[in-house]
Each structure stands twice: as structure tokens, then as C-alpha cells.
1. So is residue 374 buried (at least 20 other Cβ atoms within 10 Å of the Cβ), at negative phi and out of contact with any strand residue (DSSP E or B) (no Cβ under 9 Å at 6 or more places or on another chain) or not?
2. So, in the stretch 254-271, of the ones that are in contact (Cβ under 8 Å) with a residue 60 or more places away in the chain and over 15 Å from the mean Cα position of the chain (by Cα), which residue ends up surrounded by the fewest Cβ atoms within 10 Å (Cβ to Cβ)?
3. Which of (1) surrounded by fewer than 19 Cβ atoms within 10 Å (Cβ to Cβ); (2) modelled with pLDDT of 95 or more; (3) under 27 Å from residue 330 (Cβ atoms) is the odd one out, the single condition residue 251 does not satisfy?
4. What do you reckon, is residue 289 within 26 Å of residue 135 (Cα to Cα) and free of Cβ contacts under 8 Å to residues at least 12 places away in the same chain?
5. Give, as residue ranges, the strands (runs of 3 or more DSSP E) completely inside the stretch 263-382 that count at least 3 residues that are in contact with a helix residue (DSSP H, G or I) (Cβ under 7 Å, 6 or more places away or on another chain) and under 21 Å from residue 178 (Cβ atoms).
6. Applying the selection to the stretch 31-48, what residues are crowded, with 23+ Cβ neighbours inside 10 Å, part of a strand (DSSP E or B) and either in contact with a helix residue (DSSP H, G or I) (Cβ under 7 Å, 6 or more places away or on another chain) or not assigned by TED's automatic domain parsing to the domain that holds residue 76 (or both)?
7. Is it true that some residue in the stretch 215-228 is surrounded by fewer than 19 Cβ atoms within 10 Å (Cβ to Cβ), touching a strand residue (DSSP E or B) at 6+ places or on another chain (Cβ under 7 Å) and modelled with pLDDT of 95 or more?
């Protein structure tokens, strides 16, 4: 656990009243949990995976599981709250992040060239892109004007065009949880965290709750070519989620997501400090519209987690003037919002992060050995 951080410091301010879903590492293996009234219940005998537990909601109650104890007193480590769900992400969903992607593209991944390009681009299109609604006639007119000026970009296409950018962020079971190390490629020299709200969506395409996530990004790789998105986004330990999924109920709804303010703090080993915020009310597409576009002509029988994008794009210089921000090994990243808690992860290289070894075969072997696969209720197929 980084520094002297305790679990209590990472929980939502009203954790004793909300309903939460998560996963813990028990001596026997990973187990899904529900937290109700501040008490943790192991749900593995009812639903051995997080994905299956989601499908049983709201027809099972936390008290149907095995009581473990108060959340602030448990000794088991919190894991990423998802397991079999696909991990998807939407990019370029805020005007500022759209401009930063264009800057990366025009700088060809060179951090030193970004400052001058940023000034020119902000002067020409900053106000226009913030005001336009994606997919409208006004957006089409802005596109035509930017093409005429030679300023059009593939990133502006997904920022203001009819189709959102949706990509796969991580393989199933590859996400890490709170306090786990997050990784950046050892050969990246321009990168940053991306603090985001993440929706949990069930197999029927209904958003059932939300958590926090770090969509770690390598700006130099993606800036060289958008075709390097997979290498920029999907590396060992490059995606963290947690601490828990807060399930929607009468007190916490999708409107709380729409109005959330997500804070970010980065503490560097040399005493460096960076703070920023991402306001969800500045998102260019509604969260449920992003869910709809993710579903599109697709099915997700185990559900999915969906990163909604971020307003945050750090431009403050860390070392050399004009080169902006990039991570250093030893950084501590904290992402927070009052009703979802705080997600904390120390930064290492993906090469040095704990290797991903617990995949689907290992999970099924573990569940079978614990006699939990009999808890699976097969869905009837038409």
C-alpha cells in the first residue's frame, strides 16, 4: 500500500449507506463481494464471478452471501471490481482532450513541439469545438470550415462527428485494482494518467453502477500514429479500476455520474506535485449515449466496463521547459470523487510491474477447485 494510505482513506465519504460491488483476494482465490450498510458479504457461493453477480442483481441481496465484517476492518486485498466483463473505453469525449490528441498527432509524438502547436490550435478552434454538439449540422459546418483551413484531423472526426471513438482497453482479467502498481512502457518518454469515471454495464446493456479508472496513455506512441493505439493503451498493468463499483439506487444515479468532478493528484519521488480536475458536465456526449454507441451492433454476454473519457490532459512542464508532463517511476497517482472514493496506484514500468498470470484458464481452474462452478445458472437460449 503506497505510503501510509489506509483503506478507509480510499472509500466514498458515505460508504456506510451506499450499495457497492467489488472483488477481494481470499485465501481460496478471488471472490465477488457486495457491501451494504458498510458490511462486506462474500457472494461467491451465489455468483462465483463479478460478471455473474451483476446479472443476478437486484434479485439477490447482500445478506444472501456470507458475512465477512465491516469494510474498514477487512484484511483481504481489494482487487479490480471486474473479471469476465470486457473493458472498453471511449476517447476524445471532451473538447480539451480532443485538442490534445490533435496536438499529439501534429507533433508526431514529440513533446518538445507540442507547446507551439497548442497555442496555434487553441486560438483557431478552441472556442468552436467547446460549443458544438457532436453529430449536429453545426458540427458538420465546423468540420467543413476546418477542412478548408487545413486543420481537420481524425481526432476531430470522433470529437464532433456522429460516431464516438470506442476501443478495447484491456483483455478480460487484465485490469489491476486499488494500490496495485500501474505500468507505463519502459520505452515511452511522453505519457500520462487519464482519470475517468467508468460505467459497469450488464449483459442487457443497462448501466448498473460506476467506479473510477486510470486509462494510462502513452502520448508519444499514439502521436506517431493512431494505428499504435493498441501499444499506447494496452500494456501490462496499464489499466486500473476501483476501489469499488457503486451500484445505482435511489440515492446514487446516472445523474451523479453526469455531475461528478474527478480529482487527480500525482506525487513524484522528487517532491513534484501535480493536481487537476475533470468535470463530467463538460463531456461532449452523454454517458448513456456512449453506452449506446458501445453496444452498436455488438453483444456483451458478460457485460462490460466502459471508460467515459477525461477532460484532464496535463501540459505543465515537469523537467525541461516546453516538454510538458510525463511520468516517472515512483509517481503515486490518486484519482478521486466523493461518491466513488479514491483510486491510488504507484507507477512502475510495464516491464517491472507484476506480470499478468491469472487469466481465464487459471480462474476457471480455481473456481472448479473450490466447487463454485455449480453455482452458475445457465441462461436459457431462445
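The values are calculated or read from the model by the stated rules, or taken from the named source; none is laboratory data. Keep in mind that this is a model prediction, so the values were computed, not measured. Note: ideal-geometry Cβ built from the backbone for every residue, glycine included; neighbour counts use all protein chains shown.
1. Working: buried (at least 20 other Cβ atoms within 10 Å of the Cβ): no; at negative phi: yes; out of contact with any strand residue (DSSP E or B) (no Cβ under 9 Å at 6 or more places or on another chain): yes.
No: the conditions fail for residue 374.
2. Start the filter on the stretch 254-271 by keeping residues that are in contact (Cβ under 8 Å) with a residue 60 or more places away in the chain, which leaves 256-257, 260-269.
The next check asks that each one be over 15 Å from the mean Cα position of the chain (by Cα); those that pass are 256, 265-269.
Values: 256: 18, 265: 16, 266: 23, 267: 18, 268: 16, 269: 12.
Only one residue fits best here, namely 269.
3. (3)
4. Values: within 26 Å of residue 135 (Cα to Cα): yes; free of Cβ contacts under 8 Å to residues at least 12 places away in the same chain: no.
No.
5. Numbers: elements: 273-279, 304-307, 332-337, 341-349.
Those strands (runs of 3 or more DSSP E) span 341-349.
6. Step one: list which residues in the stretch 31-48 are crowded, with 23+ Cβ neighbours inside 10 Å, which gives 31-35, 40, 43-44, 47-48.
From the residues that got through so far, the ones that are part of a strand (DSSP E or B) too are 31-35, 40.
Across the stretch 31-48, the qualifying residues are 32, 34, 35, 40.
7. Our first condition is that a residue be surrounded by fewer than 19 Cβ atoms within 10 Å (Cβ to Cβ); within the stretch 215-228, this holds for 224-228.
Restricting the remaining residues to those that are touching a strand residue (DSSP E or B) at 6+ places or on another chain (Cβ under 7 Å) gives none.
Scanning the stretch 215-228 turns up no residue that is surrounded by fewer than 19 Cβ atoms within 10 Å (Cβ to Cβ), touching a strand residue (DSSP E or B) at 6+ places or on another chain (Cβ under 7 Å) and modelled with pLDDT of 95 or more.
For every residue, the table says whether it meets (1) within 20 Å of residue 176 (Cα to Cα); (2) over 25 Å from the mean Cα position of the chain (by Cα).
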position	(1), (2)
34	yes, no
43	no, no
50	yes, no
56	no, no
62	no, yes
68	no, yes
